[in-house]
Structures are given as structure tokens and as C-alpha cells.
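The values are calculated or read from the model by the stated rules, or taken from the named source; none is laboratory data. Values in this document were obtained by computation on a predicted structure and should not be read as measured data. Glycine also receives a Cβ, built like all others from the backbone with ideal geometry; neighbour counts cover every protein chain displayed. Accessible surface is based on the protein model in full, side chains and every heavy atom, while ligands, DNA and RNA are left aside. Shrake-Rupley method; radii C 1.70, N 1.55, O 1.52, S 1.80 Å.
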Amino acid sequence: MRILKANARHQWMVLSFWVLGAILVAVLFKVDAAHLGERAIMKITGADPVAYYANAHSLLFDFDFNLANQFGVLKPLPEWFRVVPNTGLPGSPFALGFSLVEIPFLFAGNIIASMSTGQADGYSQICIDSYFVGIICFLIIGLIFLFKLLRKIGIEAGAGLSTSDWVAYGVTLGLLPASNVGYYAFSPMSHIVAFMAVSMFFFVWWGVKDTDSLKGWLLCGLSGGFVFLCRWQAVLYLLIPIAYELHRLSSQEGDRGANLRKPWLASRATCVLTFILTILIQFVQWKIIYGNFFLVPQGDAFMEFPPRHFFHVMFSSEHGWFVWTPIVLIGVVGLVLASSKKPIVYGGLLLGVFLQVGVAGALPKHWHGYDSFGARILVCSMPVIAIGLAFLLFHVSRRMRLVFLGIGLLCSVYTMLFALQYRLDMVPHTDRLTWQELIGDKLTFNRALQRRNAFLSAQTELNSSQPQNAIRIAEAAQLNYGSDRRLLECLLKAYEVNGDSSKQMQAREQLQQLMERRIF
């Protein structure tokens with residue numbers, strides 16, 4: 001009876017993720033229609049989104065990797081998309097996996113569009129909407145795999161079925177508000193698919209790591225290859241199974257010859273072969289577009305070692321992983337504690353996380369992800385952070401779990417307010433922050449929102465050649481709600497247009513003082 005009850009609980013928990021997916025789709029369409037932040041969400045613009053969409057479109061409609069047709073319509077930002085001299089094809093420097101799994105959604109959207117509007121070119125808004133729905137589907141699949149993985153870890157740790165279920169469920173759901181996973185569920189980039197791939201890979205590997213199942217290791221190779229296709233640097237996590245196997249082979253507890261028996265060799269060889277076959281399509285694309293099977297598509301200067309921005313990636317107020325999403329720090333603490341008990345597996349996970357940070361820190365120009373909510377480059381590592389969180393909760397008392405629940409709620413509120421600040425442009429997208437932007441405006445969010453609305457009104461008046469009205473609105477906002485950099489920049493420009501050099505100098509000094517208060 002208890003097992004039947006546990007199975008029923010597990011089933012409705014899985015079902016609830018799909019209900020959540022339906023809710024997120026409804027929220028996506030609602031927020032997009034409201035143009036939160038004065039701009040639409042469901043659109044394909046910029047660099048990364050255009051490249052991913054163009055690849056899916058080209059494979060579906062043209063059956064090739066020549067993106068010239070797609071770029072003629074989508075108009076990507078020029079960096080990295082210049083024509084490659086020796087092939088004559090536009091560059092495509094991003095991983096192919098996201099584009100591949102989006103093809104069915106693009107196909108479905110095009111069928112609906114052709115039946116409803118007659119537009120069957122793959123560029124209709126219905127196609128784009130379907131593409132975004134696909135991202136949420138991938139999120140839910142990733143969450144389900146992560147939930148099942150954490151549940152399995154809890155059972156192995158002796159936490160019991162009920163505790164394993166509830167901790168796994170809570171940690172998995174908690175990632176959405178407490179990290180940037182929820183934010184990027186509404187973004188047409190590869191981060192959520194990479195999150196799904198890593199969750200899927202670790203779920204598969206955790207179930208087969210001590211077996212010789214041919215089917216299981218085939219799936220492990222397939223999911224590992226998918227990790228590579230979705231985010232190349234995430235393939236570093238595949239070093240963990242390799243280290244685990246090497247440890248087993250060298251272990252004094254077992255006989256090395258027995259470990260190298262035929263079932264072991266056959267299963268591991270199947271994994272390696274499946275992995276190689278899965279990733280071949282990426283190398284074929286590189287060969288067709290760039291003329292080489294092996295290269296760094298962004299250019300040799302894209303990465304520099306040693307990673308001089310290693311600590312910036314974690315601690316900077318400019319998108320720092322621990323600063324913008326502090327729940328990550330708790331997850332890392334959990335991994336550290338877990339490493340002391342099972343160093344091969346959890347130590348490998350911890351090392352994998354810091355290798356990912358190192359890769360991001362080795363990007364001299366792109367370590368912060370530019371227009372990024374938090375460390376978007378590391379969204380693919382959130383399943384590993386979730387393992388650290390779950391391990392922590394599996395090994396503390398029920399009272400301490402309540403304490404961590406309270407901490408998690410605080411982290412969630414903080415990060416959700418940060419996401420709203422970011423979406424409404426209340427914090428700069430590519431600069432270090434002040435303490436007011438980082439903490440103060442979250443504690444007095446309504447005041448900060450009023451200041452933001454006043455800035456928009458003043459900027460509108462300034463753009464309409466009404467500097468006196470802009471000054472009146474901005475000065476009143478400064479008096480009632482305090483200053484921020486945008487309000488001071490607006491005042492500075494308005495004073496300049498109005499010819500008031502004295503107040504212009506005063507505003508410039510205030511702005512300079514504010515910028516000097518930016519933190520690391």
C-alpha cells in the first residue's frame with residue numbers, strides 16, 4: 001500500500017510539471033501581449049536568436065546549412081556572420097542542437113500558419129510563437145529528468161521515498177524563481193535546451209554507471225552527444241563518467257580483469273560510438289560552412305587562458321553568478337559537503353562546475369554574456385547546482401529543511417525582483433551596479449518603479465523637444481524618489497539642451513559620484 005501511494009505521488013508530481021508548462025505558455029502569451037518593458041518577447045532579433053532560428057529554418061525548408069536566404073530575411077547583427085571566404089557561406093558560430101530539436105515546432109507552426117493565414121514561408125508570427133512554445137516544452141522535459149534524478153539520489157542516500165520525492169520536487173520547482181532558468185524559459189536561445197540536455201545526461205548516467213546495460217550506455221552516449229550539440233563547453237561534464245570508470249578500474253576493492261570483462265567493454269564502447277555518431281552533424285556543418293572539421297567558429301582570440309575573469313563570473317555585480325542568483329552559492333556549498341563523502345562523483349561535479357566558470361572567465365569580451373540576466377552562460381550547470389541543493393537537504397534534519405526553505409524563498413524573491421528590474425531596464429544590462437541598484441531598489445521596489453516611470457515620461461518630453469517639461473518631471477522625481485543613473489543622464493541632457501550650464505555641471509558631478517559608487 002505504501003509503495004502504491006508513493007507511485008501515485010510520483011505520477012502526480014510528474015503530471016504537475018506539464019500543468020506548470022501550460023501555465024507558463026499562458027503567461028508567455030499574456031506578458032508578450034502586454035509588452036512588458038515596452039517590447040515584445042516572442043520575436044527573433046539580434047545575434048544568437050537569429051542564428052538558431054536560421055539553422056532550424058534552413059534545415060527544414062532548404063535541407064542545407066547555407067543561411068544566406070535566412071539572413072536576408074532575419075537581418076542578424078553582423079558579428080560572426082560574415083561570409084567565409086573559402087566557402088562563400090555566411091558564418092554560423094553557435095551550437096546546432098537547439099536548432100535541431102526546434103525543427104518539429106517550426107514545422108507545426110508553419111502548418112498552422114499556412115492553414116490559418118496562408119503564409120507558409122516559416123517566418124510568420126505563428127511559427128515564432130510555436131518556436132517559443134517549444135522552449136517551454138524543453139524546460140518541462142528538463143525539469144522532469146532533473147526531478148527523477150534528484151529523487152534517485154535521495155533514495156540512494158537513504159532519505160526514504162517520501163522525503164526523496166518532496167525534496168526533489170521542491171528543489172526542481174525552486175530553480176524557476178530562484179535562478180535564471182525561469183527567465184530564460186522565455187528566451188529564444190539555447191540555454192534551456194542545454195539545461196534539459198545536462199539533466200537528461202546525468203539522469204541516464206546515474207542509472208547505468210554501475211551496470212553493463214547496452215541499452216543504458218547507448219542512451220548515455222546519445223544524451224552525452226546531445227549535451228555537446230547544445231552547448232559545446234558543457235561536454236566537460238562528460239569527464240565525470242570517465243573519471244568514475246577509471247576509478248573503478250583502478251580500485252583495489254575489485255579485480256581489474258573482472259572489470260574489463262566483455263559486457264563492460266561492449267557497453268562502454270557502445271556509449272563512445274553512439275556519442276561520436278551523435279556529434280558528427282556538428283562537424284559536418286563546420287566543414288561545409290568553414291571548410292574545416294575542427295575549429296573555434298568565433299575565432300582563435302575568442303578565449304584566453306588562464307581565465308582572468310574567473311572571479312568576475314562568480315562575484316561581480318555585473319551578472320555575477322552568486323550575486324544575481326545567490327541560490328547557486330548554497331548549491332555549491334552542498335556540492336562541497338557532498339564531495340567529502342563521495343569525492344569521485346560529487347567532487348567531479350564540483351570540479352565540473354568550476355571548469356564551466358573557468359570557460360566563461362576565459363572569454364575576454366563575453367564573460368558576462370552582454371545582454372544577460374545573470375550568468376546565462378552557466379544555465380546549463382543548474383542541474384548540477386540542484387544536485388548540491390538536494391544533497392544538502394537530504395542530509396539535514398526536518399527543522400533545518402524548514403530553515404533552508406525560508407532561505408530559498410528569500411533567494412527566490414530577490415532573484416524575481418532582479419528579473420523584473422532587468423526586464424524594465426531599471427538596472428544597466430552591461431555594467432557594474434551600485435548598492436542601490438543591487439539591494440536598495442529591491443527593498444523599496446515601488447519607489448524605484450515610480451522613478452523609472454518618471455524617467456520614461458521625462459525622456460519622452462526630451463525626445464519631443466520639450467526640455468523644460470523634462471526637467472520639471474525629472475527634478476520632481478529626483479526629489480520624491482531619489483536619483484539613479486538614467487534619471488541623471490536625462491537631466492544632464494535636458495540641461496544641456498536648455499542651455500543651463502550651471503545645473504548641467506551639477507548633474508554631471510552627481511552622475512560621476514554615482515558611477516564611482518559602483519561595486520566589483
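General remarks:
- For residue 295, the conditions (1) assigned to a helix (DSSP H, G or I); (2) open to solvent by 20 Å² or more (accessible area, probe 1.4 Å) all hold with the exception of (1).
- Candidates 107, 81: the one that is farther than 26 Å from residue 290 by Cα and either among the aromatic types (Phe, Trp, Tyr) or not in a strand (DSSP E or B) (or both) is 107.
- Checking each residue in region 437-451 for being closer than 19 Å to residue 416 by Cβ and either open to solvent by less than 70 Å² (accessible area, probe 1.4 Å) or touching a His at 6+ places or on another chain (Cβ under 9 Å) (or both) picks out 437, 438, 439, 440, 441, 442, 444, 445, 448, 449.
- Residues of region 147-175 classified as in a helix (DSSP H, G or I) and without any contact (Cβ under 8 Å) to a residue 24 or more places away in the chain, total: 3
- Members of region 54-98 found to be hydroxyl-bearing (Ser, Thr, Tyr) and under 27 Å from the mean Cα position of the chain (by Cα), listed by number: 58, 92
- Residue 302 of a type in the set (A, V, I, L, M, F, W, C), farther than 30 Å from residue 171 by Cα and without any contact (Cβ under 8 Å) to a residue 40 or more places away in the chain: no
- Residues (part of a loop (DSSP other than H, G, I, E, B) and either exposed (fewer than 14 other Cβ atoms within 10 Å of the Cβ) or basic (Lys, Arg) (or both)) located in region 110-119: 117, 118
- Residue check for residue 212: of a type in the set (Asp, Glu) and either open to solvent by less than 10 Å² (accessible area, probe 1.4 Å) or in contact with a Leu (Cβ under 6 Å, 6 or more places away or on another chain) (or both): no
- Of the residues examined, residue 394 is one that is open to solvent by 10 Å² or more (accessible area, probe 1.4 Å), more than 23 Å from residue 439 (Cα to Cα), touching a helix residue (DSSP H, G or I) at 6+ places or on another chain (Cβ under 8 Å) and among the aromatic types (Phe, Trp, Tyr).
- Selection status of residue 372, under 20 Å from residue 232 (Cα atoms), polar (S, T, N, Q) and outside any loop (DSSP other than H, G, I, E, B): no
- Single residue of region 312-342 satisfying the filter (touching a residue at least 12 places away in the same chain (Cβ under 8 Å) and open to solvent by 40 Å² or more (accessible area, probe 1.4 Å)) that is farthest from the chain's Cα centre (by Cα): 337
- Exactly one residue out of 161, 149 is within 30 Å of residue 341 (Cβ to Cβ) and either of a type in the set (D, E, K, R) or buried (at least 23 other Cβ atoms within 10 Å of the Cβ) (or both): that is 149.
- No other residue among 64, 32 is out of contact with any Pro (no Cβ under 7 Å at 6 or more places or on another chain) and either assigned to a helix (DSSP H, G or I) or open to solvent by less than 40 Å² (accessible area, probe 1.4 Å) (or both) apart from 32.
- Beta carbons closer than 7 Å, at least 6 apart along the sequence or on distinct chains, pair a first residue in region 475-494 that is in contact (Cβ under 8 Å) with a residue 40 or more places away in the chain and crowded, with 19+ Cβ neighbours inside 10 Å with a second that is assigned to a helix (DSSP H, G or I) and charged (D, E, K, R) for 484/451.
- Residue 381 fulfils the conditions (1) surrounded by 23 or more Cβ atoms within 10 Å (Cβ to Cβ); (2) polar (S, T, N, Q); (3) more than 28 Å from residue 297 (Cβ to Cβ) except for a single criterion, (3).
- Scan of region 496-515 for residues that are closer than 26 Å to residue 438 by Cβ and of a type in the set (A, V, I, L, M), ordered by number: 507, 511, 514, 515
- Restricting the first member to region 218-236 and to residues that are over 22 Å from residue 266 (Cβ atoms) and touching a residue at least 12 places away in the same chain (Cβ under 8 Å), and the second to residues that are among the aromatic types (Phe, Trp, Tyr) and open to solvent by 10 Å² or more (accessible area, probe 1.4 Å), the beta-carbon pairs closer than 8 Å and six or more apart or on different chains are 228/275; 234/228.
- Total residues in region 397-426 satisfying the condition of being crowded, with 21+ Cβ neighbours inside 10 Å and closer than 19 Å to residue 41 by Cα: the figure is 4.
- Residues being loosely packed, with under 13 Cβ neighbours inside 10 Å and modelled with pLDDT under 95 - total across region 267-283: 0
- Close pairs (7 angstrom Cβ cut-off, 6 or more residues apart or separate chains): free of Cβ contacts under 8 Å to residues at least 40 places away in the same chain in region 97-124, part of a helix (DSSP H, G or I) and aromatic (Phe, Trp, Tyr) anywhere: 105/131; 109/131
- Scan of region 382-412 for residues that are among the aliphatic types (A, V, I, L, M) and touching a residue at least 24 places away in the same chain (Cβ under 8 Å), ordered by number: 382, 384, 385, 386, 387, 389, 390, 392, 393, 405, 407
- Residue identified as of a type in the set (Val, Ile, Thr) and within 30 Å of residue 402 (Cβ to Cβ) among 208, 193, 171, 235: 171
- Only a single item in (1) open to solvent by less than 40 Å² (accessible area, probe 1.4 Å); (2) at negative phi is not met by residue 122, and it is number (2).
- The condition of being open to solvent by less than 30 Å² (accessible area, probe 1.4 Å) and within 25 Å of the chain's Cα centre (by Cα) holds for residue 46.
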